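The values are calculated or read from the model by the stated rules, or taken from the named source; none is laboratory data. These numbers were taken from a predicted model, which means no experiment stands behind them. A quick note on method: Cβ atoms are made from the backbone with ideal geometry, for glycine too, and the neighbour counts reach across all protein chains shown.
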Amino acid sequence: MNVSRFPHLTALVATGATALLIAVAAPLSASAAATTPGSASAPTAVGAPTGWLRLGHLSPDTKSVDVRVSALSGGSTQFELDGVGYGDVSSYQSLPAGSYTVSMVPAGASGSSVPMISQTIMVDAGTATTVAAYGPTDDLQVRAFDDDLTEPSTGSARIRLIQASTITPEVDVKTDQGDSIAEGAKAGSATGYAEIPAGDCTLDLTGKGVSDTADVSVAPGSVTTLFVLDTSSGGLTILPVLDSAAVGDAPDGGVDTGGGYLASSKADSSPLAKLRGGIL
C-alpha cells in the first residue's frame, strides 16, 4: 500500500485489475472546514470573496516540478508547491477572487528561473477549480477545469473523469451497473458529472488497445474526480480524488497515484508537495 502524500485522503490502488478505496483519513479542524469547498455550512468569507484552487501534475514524462501561484496584479506569490511529481494532486487552497499566474519550473530551480510553462487563470468567488499540466513534455499544456461540488441527491454520489492519458486519444468508462461515466473522452478533457448510487462498483476503462478495471467505493453525498493516467508498463490506471464529502468534514486533500510511473519506483515517505507562504 502506498502512503498518501497528503494528509486528509487515502487511496489504495493496485495496478492491473485495479482496486481502489477512497476513505477519509483524518477530519479537518473546524477552521479548515470553514474554507473547504463542498462543506455543508461554509460561512461567507470576511473581506474579499474567495474561491478555491488545486493543482495537478499529469504529464507522465515530465520530471518533478515546483509550482508557483502568483497574483496577476502585483505579482505576489500566493503559495508554492515543491517537488510535485506525476500523478500528484494538491489540496484545495482558498484564494481571493481574481486573476493568477500558475507557473512550473524544474524541482529545486531558483526563484528567478524561466518557467517551463505558465498559464493565467481566473479564480471566481465561491467556485472551485483544478489546474493541471498534462501531455508529453515536448507538448506540455496547462488547463483549468471547473469543479462542480454540488451535493448529489440522497443516497447517491457524483463522479466525473479527467482524461490525461497520452497513450490513447479517447477513453470510455462505465460501471458494472451500466452507468456511463465517460464516452469517447478525449485527452485533456473533463466529462460532466454523473450521479450514481453510493456504495461499491466496478469501473470498466477502455481505450484504443488498452483497458483496465477498478473497484471503487463512493460515499453517499460525495463528489469524486477520476483521473485517467498512464502506467510505466504502457497501460492505463485510474486515480480517484475525493473533491467533496457530505459525511462529516469535507476533506480538501489529494492523493498520490499508487499507479502511473510511480508504481515502479519506491515512494518517498516525506511530503512530496509542501505548501508554504501566502494564505494558509
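See the values below:
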| quantity | calculated |
| --- | --- |
| Filter result for Ser153 (surrounded by fewer than 20 Cβ atoms within 10 Å (Cβ to Cβ) and out of contact with any strand residue (DSSP E or B) (no Cβ under 6 Å at 6 or more places or on another chain)) | yes |
| Options Asp138, Asp147: the member that is surrounded by 16 or more Cβ atoms within 10 Å (Cβ to Cβ) and either closer than 21 Å to Tyr92 by Cα or over 17 Å from the mean Cα position of the chain (by Cα) (or both) | Asp147 |
| The range 72-124, residues that are within 22 Å of Phe227 (Cβ to Cβ), outside any strand (DSSP E or B) and either free of Cβ contacts under 8 Å to residues at least 12 places away in the same chain or of a type outside the set (Phe, Trp, Tyr) (or both) | Gly85, Gly87, Asp88, Ser90, Ser91, Ala107, Met116 |
| Among the residues listed as Thr202, Thr224, Thr130, Thr237, the single one being in a strand (DSSP E or B) and under 26 Å from Ser103 (Cβ atoms) | Thr130 |
| Qualifying residue in the range 159-180 (condition: charged (D, E, K, R), under 17 Å from the mean Cα position of the chain (by Cα) and modelled with pLDDT of 95 or more) | yes |
| Test result for Gly278, on the phi > 0 side of the Ramachandran plot and at pLDDT below 90 | yes |
| Qualifying positions in the range 162-195 - in contact with a Ser or Thr (Cβ under 7 Å, 6 or more places away or on another chain) and either of a type in the set (Asp, Glu) or surrounded by 21 or more Cβ atoms within 10 Å (Cβ to Cβ) (or both) | Ile162, Gln163, Val171, Asp172, Asp176, Ile181, Ala182, Ala185, Glu195 |
| Residue match in the range 240-257 (condition: among the hydrophobic types (A, V, I, L, M, F, W, C), part of a strand (DSSP E or B) and either at pLDDT below 95 or touching a His at 6+ places or on another chain (Cβ under 7 Å) (or both)) | yes |
| Selection within the range 133-156 - under 20 Å from Tyr193 (Cα atoms) and part of a loop (DSSP other than H, G, I, E, B) | Asp148, Leu149, Thr150, Glu151, Pro152, Ser153, Thr154, Gly155 |
